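J.: My structure is below; once you've seen it, I'll send some questions.
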Amino acid sequence: MMIALLAKKMIPDHENIENEKVRRAYGNLTSTVGIANNILLFVFKFIAGTLAHSVSITADAINNLSDAGSSVISLISFKLSSKPADEKHPFGHARYECIASMVVACLILLLGFELIKTSLDKILHPEAVVFSWLSLVILVFSISVKLWMYSYNKKYGRLLQSSIMEATAADSISDVMATGAVLLSSIISPLIHFNLDGYMGIIVAFFILFAGTGIIKQALDELLGQAPSEDLVEKIQQKIMSYEGVLGMHDLMIHDYGSHNTFASAHVEVDCKVDVLKSHDMIDNIERDFKDNMGLEMVLHMDPINIDDPLTNELRDYIRTSVKEIHEDLTIHDFRIVPGETHTNLIFDVVVPFHVKMSNQTILDMLSEKVSAKGHTYYLVVTFDRAYTSQSKTEAAQE
């Protein structure tokens with residue numbers, strides 16, 4: 001609620017989150033609030049840890065100080081990622097956020113390992129932990145603040161599609177669990193007359209290490225180019241297939257270069273007997289539709305296919321059924337035939353999803369065996385696709 005109120009007062013046109021300046025302003029605002037919160041928590045916890053002679057509370061304080069440093073990195077990343085595209089970086093600079101997330105994660109991991117060393121020393125050389133109501137109040141206050149930070153970073157991280165804010169949210173919730181463990185130690189240790197401080201410090205360290213590795217994994221996925229969500233793929237397929245004149249689509253590829261900077265390409269099948277200018281006009285309209293309504297840069301390739309030749313249709317259906325018998329998730333596209341005096345070439349692509357572990361040669365051998373049963377000299381000219389999506393109106397209806 002507070003972030004929303006601050007945004008209304010401090011960010012012009014705050015509802016227009018598609019605007020890069022607005023997005024950057026939100027990043028600056030949440031990062032600044034994060035810096036202030038973490039410095040405040042560091043001061044309070046450091047005082048409490050010193051008074052209570054508690055390594056876990058002091059370590060938790062240093063964790064908050066590192067979080068303040070992470071927020072500074074967030075500020076820098078929002079500035080760098082908002083730079084416009086240039087000659088050397090035609091797709092923009094949005095992936096700076098992924099790099100910043102990895103820097104944050106490395107700092108978190110370093111802190112976790114240092115905390116393990118300190119906690120082990122505390123276990124080997126325990127000191128009496130002084131019970132303090134002040135420490136308990138500070139720890140409860142810290143948990144409340146971190147839960148608030150988690151909620152607004154998660155909300156605006158999803159809204160703005162910001163990996164660095166999502167990483168900050170993950171770090172905040174791990175801090176809640178870590179501080180909760182410290183709070184539990186502060187309450188239980190005096191009651192059982194056994195110093196749990198060092199053990200809780202190790203628990204805190206593992207929470208920190210878990211959060212850091214999770215952030216690195218997410219950032220690496222974005223940098224390497226992760227598979228698009230099923231929801232996005234389905235939306236794109238449905239939009240393309242909704243146009244009258246589209247007979248099928250395949251070879252859909254989606255490239256994500258950061259928030260509001262997504263590119264895609266696909267092949268669209270059309271009737272070869274329709275005027276090419278009419279089909280081309282339809283392709284232009286589809287591309288414009290994606291740009292205007294989904295903010296997606298779409299490039300479509302037009303594939304004319306023959307749908308009126310009985311032999312072609314018969315063989316296409318036979319091949320489609322045959323690949324389904326080999327594996328239910330195999331699909332084909334771009335099917336055509338080239339008749340000859342001694343043999344007929346069947347030319348097509350087979351889409352093999354990554355979870356299908358059969359080799360291309362195995363699929364080809366099994367398919368050749370099925371085709372030979374037709375009793376005619378058919379030669380298969382097959383191209384295997386391992387990373388694309390294929391669907392036609394007929395297949396969609398069958399599904």
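The values are calculated or read from the model by the stated rules, or taken from the named source; none is laboratory data. Keep in mind it's a predicted model, so treat the numbers as computed, not measured. No Cβ is skipped: glycine too gets one built from the backbone with ideal geometry, and neighbour counts run over all protein chains shown.
J.: Checking I216 against (1) closer than 29 Å to R24 by Cα; (2) outside the structural domain of K117 (by TED's automatic domain parsing); (3) of a type in the set (A, V, I, L, M, F, W, C); (4) in contact (Cβ under 8 Å) with a residue 40 or more places away in the chain, only one condition comes out false. Which one?
T.: (2)
J.: In region 32-41, what residues are closer than 15 Å to I143 by Cβ and either outside the structural domain of M149 (by TED's automatic domain parsing) or of a type in the set (A, V, I, L, M, F, W, C) (or both)? Break it down stepwise before answering.
T.: Here is the first cut: in region 32-41, the residues closer than 15 Å to I143 by Cβ are 37-38, 40-41.
L40, L41 - these are the residues of region 32-41 that are closer than 15 Å to I143 by Cβ and either outside the structural domain of M149 (by TED's automatic domain parsing) or of a type in the set (A, V, I, L, M, F, W, C) (or both).
J.: Evaluate region 118-136: report whether one residue or more is among the basic types (K, R) and part of a loop (DSSP other than H, G, I, E, B).
T.: Taking region 118-136 as the starting set, the residues that turn out to be among the basic types (K, R) are 122.
Okay, now just the ones that are also part of a loop (DSSP other than H, G, I, E, B), so none.
The answer is no; no qualifying residue exists.
J.: Is it true that S185 is among the small types (G, A, S), out of contact with any His (no Cβ under 9 Å at 6 or more places or on another chain), in a helix (DSSP H, G or I) and surrounded by 16 or more Cβ atoms within 10 Å (Cβ to Cβ)?
T.: Criteria met by S185.
J.: Within the set of pairs 6+ apart or on separate chains, which have a first residue in region 324-353 that is not assigned by TED's automatic domain parsing to the domain that holds V246, a second that is small (G, A, S), and C-beta atoms under 7 Å apart?
T.: T331/S390; H333/G248; H333/S390; V351/S390
J.: State whether one or more residues within region 45-64 are of a type outside the set (V, I, T), assigned by TED's automatic domain parsing to the domain that holds I215, free of Cβ contacts under 8 Å to residues at least 24 places away in the same chain and not in a helix (DSSP H, G or I).
T.: Within region 45-64, not a single residue is of a type outside the set (V, I, T), assigned by TED's automatic domain parsing to the domain that holds I215, free of Cβ contacts under 8 Å to residues at least 24 places away in the same chain and not in a helix (DSSP H, G or I).
J.: Please work out which residue is surrounded by the fewest Cβ atoms within 10 Å (Cβ to Cβ), limiting yourself to region 274-300 and to residues that are at pLDDT below 90 and part of a strand (DSSP E or B).
T.: E297
J.: Can I ask one more? Could you give me the residue pairs with C-beta distances under 9 Å whose first residue belongs to region 370-399 and is closer than 17 Å to R336 by Cα and assigned to a loop (DSSP other than H, G, I, E, B), whose second residue is β-branched (V, I, T) and at pLDDT 80 or above wherever it lies, and which are 6+ apart or on separate chains?
T.: H376/T344; T377/T342; T377/T344; S390/T331; S390/I332; S390/V351
J.: Sticking with this structure for a sec: Name the single residue, out of those in region 213-251 being part of a helix (DSSP H, G or I) and touching an Asp or Glu at 6+ places or on another chain (Cβ under 8 Å), that is nearest to L115 (Cα to Cα).
T.: Filtering first and then ranking leaves I215.
J.: Looking at T30, is it in contact (Cβ under 8 Å) with a residue 60 or more places away in the chain and buried (at least 19 other Cβ atoms within 10 Å of the Cβ)?
T.: Yes, satisfied.
J.: Right, another one. Among (1) polar (S, T, N, Q); (2) loosely packed, with under 14 Cβ neighbours inside 10 Å; (3) under 34 Å from the mean Cα position of the chain (by Cα), where does T262 come up short?
T.: Among (1) polar (S, T, N, Q); (2) loosely packed, with under 14 Cβ neighbours inside 10 Å; (3) under 34 Å from the mean Cα position of the chain (by Cα), the lone unmet condition for T262 is (2).
J.: Checking A25 against (1) farther than 16 Å from G69 by Cβ; (2) at pLDDT 85 or above; (3) of a type in the set (A, V, I, L, M, F, W, C), which single condition isn't satisfied?
T.: Exception for A25: condition (2).
J.: Could you grab me the full set of residues in region 301-342 that are touching a Ser or Thr at 6+ places or on another chain (Cβ under 8 Å), surrounded by fewer than 12 Cβ atoms within 10 Å (Cβ to Cβ) and not in a strand (DSSP E or B)?
T.: T342
J.: Something else: Taking the residues in region 1-44 that are of a type in the set (S, T, N, Q) and not in a loop (DSSP other than H, G, I, E, B) as candidates, determine which candidate is nearest to I73 (Cα to Cα).
T.: S31
J.: Which is within 20 Å of the chain's Cα centre (by Cα) and either surrounded by 16 or more Cβ atoms within 10 Å (Cβ to Cβ) or in a helix (DSSP H, G or I) (or both), of F206, F210?
T.: Answer to the selection: F210.
J.: Oh, and also: Given the condition among the β-branched types (V, I, T) and either more than 25 Å from the chain's Cα centre (by Cα) or crowded, with 23+ Cβ neighbours inside 10 Å (or both), answer yes or no: does some residue in region 6-17 qualify?
T.: Checked region 6-17: at least one residue is among the β-branched types (V, I, T) and either more than 25 Å from the chain's Cα centre (by Cα) or crowded, with 23+ Cβ neighbours inside 10 Å (or both).
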